[in-house]
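Bear in mind these aren't lab numbers, they're just calculated from the coordinates by the rules spelled out. Model, not experiment: these values are computed from the prediction. Cβ coordinates were reconstructed from backbone atoms using ideal geometry, including for glycine residues, and neighbour counts include every protein chain displayed.
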Ligand code: URA
């Protein structure tokens with residue numbers, strides 16, 4: 001079974017609770033998603049390699065750590081993934097960005113691709129794939145399968161809320177891809193929504209309902 005990192009940090013949990021509340025406004029939802037994603041970036045990048053570089057402070061020379069090697073690409077699953085993308089970019093401003101457009105067929109709940117754009121040189125990049133809701137897992141599975149065709153050096157998946165069903169399906173398809181999530185909720189309902197969840201993340205992020 002693949003790795004699941006449940007990020008229980010109190011700040012993240014508190015902000016997520018505000019996001020779940022049905023009365024939370026679009027503006028606040030968007031701001032909180034960006035803040036949480038910025039905090040999640042610290043967890044996701046915990047194992048990034050560093051090397052020492054000789055620098056001079058105003059006082060003395062020193063060997064100081066700088067990020068080494070792997071170049072990061074943040075890949076957003078449209079459209080709600082963009083909310084996480086921006087928070088991660090606040091923490092890693094030099095990261096490249098890719099987008100995968102998937103929509104969910106409301107009849108079959110299957111994921112269909114309509115857009116795919118990632119930077120060149122994926123072979124040397126560490127990919128962080130983001131989508132707020134890991135519900136059925138269908139779009140995440142399809143997006144990661146498509147991204148694997150570009151052969152990135154590594155892939156991590158980050159979401160805000162996941163379901164037990166989604167985690168199981170995702171790791172059945174991609175046991176090599178660790179998932180970072182602040183919450184594993186109770187279940188999916190018959191419409192494929194996470195219960196208790198927070199509703200439709202895209203609608204709440206963009207105010208489209
Ligand atoms: N997508 C959402 O935005 N919310 C869910 O609960 C499930 C899928």
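Based on the reciprocal of the average 1/r between different C-alpha atoms, the Kirkwood radius for the range 1-99 equals 15.7 Å. The fewest-to-most ranking of 180, 103, 114 by surrounding Cβ atoms within 10 Å reads 114, 103, 180. Here the range 179-202 is scanned for amide nitrogen atoms under 19 Å from the site 7 Å beyond the Cα of residue 106 along Cα-to-Cβ, giving 189-195, 198-202.
Adding -39500 (n - 2.57) for every DSSP H run of four residues or longer, then dividing by how many residues the chain holds, sets the calculated 222 nm ellipticity at -10000 deg cm²/dmol. Sorting 35-46, 78-89 by their mean Cβ neighbour count within 10 Å, with the most densely packed peptide first, gives 78-89, 35-46. For the chain, the longest principal axis of the C-alpha atoms and the axis of helix 81-91 are separated by about 20°.
Taking all Cα-Cα distances within the range 71-190, those exceeding 21 Å account for 32%. Using a Förster distance of 41 Å, how high is the FRET efficiency between residue 145 and residue 62, based on the Cβ-Cβ distance and rounded to 0.05? That gives a FRET efficiency of 0.35. Largest first and in whole Å, give the semi-axes of the chain's equivalent ellipsoid, each being the square root of 5 times a Cα gyration tensor eigenvalue. Equivalent ellipsoid of the chain: 30, 20, 15 Å, largest first.
Note on residue 53 and residue 124: with the Förster distance fixed at 25 Å, the Cβ-Cβ geometry gives a FRET efficiency of about 0.80. Among 49, 164, 132, the residue with the largest mean-square fluctuation in a Gaussian network model of the chain, with springs joining Cα atoms closer than 10 Å, is 49. Cβ crowding within 10 Å, taken as a proxy for footprinting-reagent exposure, orders 99, 106 from fewest neighbours to most as 106, 99.
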